[in-house]
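The next block holds one structure in the form of structure tokens; read it before the comments.
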Amino acid sequence: MKVRRSGQNWYGLFCALFTMTLLVTGCASLPTEMAPSVAAGPNDGYLLEPGNRIRVIVFNENNLSGDFTIDPVGNIFLPLVGNIPSTGVTARTLAQRMEEALSKASYLKDPKVSVEVQTFRPFFVMGEVRQPGEFPYTTGVTVLSAIAKAGGYDYRARKGDVVVIRTVNGEQTEYRGNERTPLVPGDVVKVVERYF
């Protein structure tokens, strides 16, 4: 009888250790730092890159206003002025560059330019979803709507908590997110696997 109890104790201890290992491993797969719960407007701080489509409005000058796409070299061709370097800067900075170029060319006195980004860098969903991939960014997208675009959770997914990979100051940073976490252009949502 004592031998049997000893065997049962070892079995119980083994099960307890195994369960604790699974719990610790499951928790370790998610970062501890939470993703910001409020995202800045996509136009604020977004750095333009080739392929972005923008709307340029030169006030009181309809012939100079319109929609433009940043070319592969990183320029926009603005009528009367020519190529304007447009990558790696915000929409506000680009508007200032255009104002300076129009003033310098002496075509307009005190020009006022507004630039609005029409298309942003896509976001990505990977891991335990039905259709992982790249998706076009739209204003107001959250982790839950991103997962919905990727076909929803698959049967192995850990629902609710995800890893959000975001480029901050040129470096990729991993955050812990939930279904209400807002995304910014270029984010990667990683849905992790549940362990039990």
Filter region 138-157 for residues that are surrounded by fewer than 18 Cβ atoms within 10 Å (Cβ to Cβ) and either over 23 Å from Gly186 (Cβ atoms) or among the hydrophobic types (A, V, I, L, M, F, W, C) (or both) and give the result. Leu144, Ala148, Asp154, Tyr155, Arg156
Scan of region 53-68 for residues that are closer than 20 Å to Tyr137 by Cβ and surrounded by 14 or more Cβ atoms within 10 Å (Cβ to Cβ), ordered by number: Ile54, Arg55, Phe68
How many residues, within region 31-67, are within 23 Å of the chain's Cα centre (by Cα) and among the aromatic types (Phe, Trp, Tyr)? 1
Scanning region 159-194 residue by residue, the ones that are at pLDDT 90 or above, part of a loop (DSSP other than H, G, I, E, B) and surrounded by 14 or more Cβ atoms within 10 Å (Cβ to Cβ) total 9
Which pairs have Cβ atoms under 9 Å, sit 6 or more apart or on different chains, and link a residue in region 143-168 that is under 16 Å from Arg194 (Cβ atoms) to one that is at pLDDT 95 or above and surrounded by fewer than 15 Cβ atoms within 10 Å (Cβ to Cβ)? Gly152/Arg130; Gly152/Gln131; Tyr153/Arg130; Asp154/Arg130
Residue list for region 100-123, filter: crowded, with 17+ Cβ neighbours inside 10 Å and either assigned to a helix (DSSP H, G or I) or within 31 Å of the chain's Cα centre (by Cα) (or both): Ala101, Leu102, Val113, Val115, Val117, Phe120, Arg121, Phe123
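The values are calculated or read from the model by the stated rules, or taken from the named source; none is laboratory data. Values in this document were obtained by computation on a predicted structure and should not be read as measured data. FYI the Cβ positions are ideal-geometry reconstructions off the backbone, even for glycines, and counts take in every protein chain you see.
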